[in-house]
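Notes for the one structure printed next.
Every read-out reported here was derived from the displayed coordinates using simple, explicitly stated rules and does not represent laboratory data. Being a predicted model, the structure only gives us computed values, none of them experimental. Because the Cβ atoms are built from the backbone with ideal geometry, glycine has one as well, and the counts that use them run over all protein chains shown.
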Amino acid sequence: MRHGYLIDMDGVLYCGERAVPGAPAFIRELRTLRLPFCVLTNNSQRTRRDVAARLGRLGIEIDEEHVFTCAMATARFLARQKPGGTAFVIGEGGLLTALHQNGYTIVDRDPDYVVVGEGRTFNMELIEAAVRMIMRGAKLIATNLDPNCPTAHGIRPGCGAITAMLEAASGVRAFSVGKPSPIMMRAARKELGLRTEETAVIGDTMETDILGGVQLGYHTILVLSGSTRQHHLARYAYAPDRVAESVADLAAALERHPTLPLWKPSNNSRTTPHTSRTACGDSSGKSGRLKQRAANRSA
Ligand SMILES: [Mg+2]
């Protein structure tokens, strides 16, 4: 059976500045076997080339064609909704590049859309301008609604937090394109030329990766190397098809049965002992509840 994979990055391939043990081997195995795959990110800051280079520095070798970002998904979505439109952008290079590549013009007055991405450079002046544009009829688009992003030093406010400020001030709800929106998950599958039943999502977050996969009828594989622990699963009304300690287990499974999809039970025996934890964070606290709220909104 043909099989291909949509792979989350943070908490799956790396944690902060460290590759998850087994991640380079897993990607190498996918490439050797010529299995279709892409890495998915809800971070709109970087272009696909930047993302590929960043992974390369961690020893995870991919081409830029293997990268699919929420900035790309947003720009393609807007280009279909309103070809040749205009956007006022609160965001950085990855988002600006994707919009340009899809025929959009970046403007600072009367845009068709106010588009919000991740960034460290926004200020109140930009927020004020955006709110006025929204009140004059510009549509509010979020590249994603993640309330925060993990970093090596803890979390930082994410695109969802910036969007929440614009929503509160304008009274207008944003439309979000990033995970778990079906728009991004479907676009990534189509990019790989896969059918629904041939596609699996591999992720560490129930509220985005696994929920998005479940909603679209994809197979789902949760790895415990990121924000989710085994005992958290009882909280959710949906469950992944497979739970693995990390992608090291998946690399070993592919080595054993290269033609067997990773979600098949016979490819599912645990191979690495549950010893060292490479977890990035913990979704049991406040940030987890916030994530759950964001997920409920986009669901
Ligand atoms: Mg993740």
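Values as computed for the structure displayed
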{"quantity": "Angle between the chain longest axis and helix 70-81 axis [Cα atoms, degrees, rounded to 10]", "calculated": "50 degrees"}
{"quantity": "C-alpha long axis of helix 23-32 to longest principal axis of the chain, angle in °", "calculated": "80 degrees"}
{"quantity": "Nitroxide proxy distance, nm - points 7 Å out along Cα→Cβ at Arg2 and Arg186", "calculated": "1.9 nm"}
{"quantity": "Potential lengthening between Glu17 and Met165 on full extension [0.36 nm per residue; Cα-Cα distance subtracted]", "calculated": "50.3 nm"}
{"quantity": "Shape call, the range 153-236: gyration tensor on alpha carbons, a/c limit 1.5", "calculated": "oblate"}
{"quantity": "Label-point separation, Ala239 to Thr196 (7 Å along Cα→Cβ), nm", "calculated": "2.2 nm"}
{"quantity": "Simple label model, 7 Å out from Cα along Cβ direction - Asp63 to Ser266, nm", "calculated": "3.2 nm"}
{"quantity": "Descending principal axes extents, the chain, alpha-carbon based, whole Å", "calculated": "58, 37, 34"}
{"quantity": "Total lysine pairs whose alpha carbons fall under 20 Å of each other in the chain (8 or more apart, or interchain)", "calculated": "4"}
{"quantity": "Calculated FRET value between Arg136 and Gln101, using beta carbons and R₀ = 25 Å, to 0.05", "calculated": "0.40"}
{"quantity": "Relative contact order computed over the range 1-119 (Cα-Cα under 8 Å; 6+ residues apart), in percent", "calculated": "23 percent"}
{"quantity": "At 1.567 mPa s and 4 °C, Stokes D of the range 11-92 from Kirkwood alpha-carbon radius, µm² per second", "calculated": "92 µm²/s"}
{"quantity": "Sequence-separation-based contact order of the chain, relative, with Cα cut under 8 Å and 6+ spacing, percent", "calculated": "20 percent"}
{"quantity": "Added length on full extension, which subtracts the Cα-Cα distance from 0.36 nm per residue, Arg109 to His232", "calculated": "39.7 nm"}
{"quantity": "For q = 0.19, 0.23 Å⁻¹, Debye-computed log10 I/I(0) when each Cα of the range 71-176 counts as one equal scatterer", "calculated": "-0.89, -1.28"}
